[in-house]
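To start, the structure under review is shown below, and the notes come after it.
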Amino acid sequence: MTKNPFARALPAALLAAALAVPALPALADIKDYAFELTQKEMKQGEAVVAVRLVDKRSGKPVPDAVIFAKRLDMAPEDMETMTTKIEQLPSTEPGVYRFKTKLTMAGNWRLSLGAKVQGETGTVEDKLVFQAVK
C-alpha cells in the first residue's frame, strides 16, 4: 500500500499558513449596539421622538446607521393594534435619530426600531417605551 505524499504535507502546510496570518482585531457584535430614548416623556399630540444609537462598549454615539424598520404602537397599554404614523427626520447630531409622529392618546407608547450599522453584520433591534402625557 503506497501512501499519498500529500497526506503528510497538507497538515504542515495548513499549520504554516495559519501561523503566517496576522491576528485580526476583535470585531464588534451587533449586540454591542443599542438604542436609547433621549426623553422618556413627551406631550400628547404632534411630537418628535428622538433616540440615540450607542456602542455599549464605549458609550459613544453611532452615526450613519440605516433605519429600515420603525413602528409606534400602544402595546404597553395592551393596545398593540393602536398604531400611529412615524416619519424619520434628518439628524441634528451624530448618532441621534429623530421621528415625527402624532401621539393620539396619553399613555405608554412602544417604539420598535430595526437598523443596520455600517460595517457590521446583523440588525440592531430595540423596543423602547415612553409616556405621552396631556
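Ranked by the mean number of other Cβ atoms within 10 Å of their residues, highest first, the peptides 51-57, 76-82 come out as 51-57, 76-82. Remark: the stretch 34-45, residue by residue, has Karplus-estimated 3J(HN,Hα) of 8, 8, 10, 5, 7, 9, 9, 8, 8, 6, 4, x Hz, where x stands for each Gly or Pro and the curve is 6.51 cos²θ - 1.76 cosθ + 1.60 at θ = phi - 60°.
Just the accessible area per residue of the stretch 29-109, please: how many Å² with a 1.4 Å probe? Walk me through the numbers before you get to the answer.
On the way: 4760 Å² over 81 residues.
Here the residues of the stretch 29-109 average 59 Å² of exposed surface.
How much of the accessible area of the stretch 56-134, in percent, comes from carbon and sulfur atoms when a 1.4 Å probe is used? Result for the stretch 56-134: 49 percent of the exposed heavy-atom area is carbon or sulfur.
Quick one: length gained pulling Lys102 to Arg71 fully straight, 0.36 nm per residue minus the C-alpha distance? Don't skip to the end; give the middle numbers.
On the way: separation 31, 0.36 × 31 = 11.16 nm, distance 1.25 nm.
Stretched out fully, the Lys102 to Arg71 stretch lengthens by 9.9 nm.
Residues whose amide H lies under 5 Å from that of Lys56, counting only those 5 or more places away or on a different chain, are Tyr33, Ala34; hydrogens are built 1.01 Å from N in the peptide plane.
Each principal axis of the stretch 35-107 carries a Cα extent, and these read 36, 23, 23 Å when sorted largest first.
Could you give the length gained on full extension between Gln39 and Thr123, defined as 0.36 nm per residue of separation minus the Cα-Cα distance, in nm?
Here the segment from Gln39 to Thr123 would lengthen by 27.9 nm.
The values are calculated or read from the model by the stated rules, or taken from the named source; none is laboratory data. Being a predicted model, the structure only gives us computed values, none of them experimental. Don't worry about glycine lacking a Cβ; one is built from the backbone with ideal geometry, like all the others, and counts go over all protein chains shown. The area values use the complete protein model at the heavy-atom level, side chains included, leaving out ligands, DNA and RNA. Shrake-Rupley method; radii C 1.70, N 1.55, O 1.52, S 1.80 Å.
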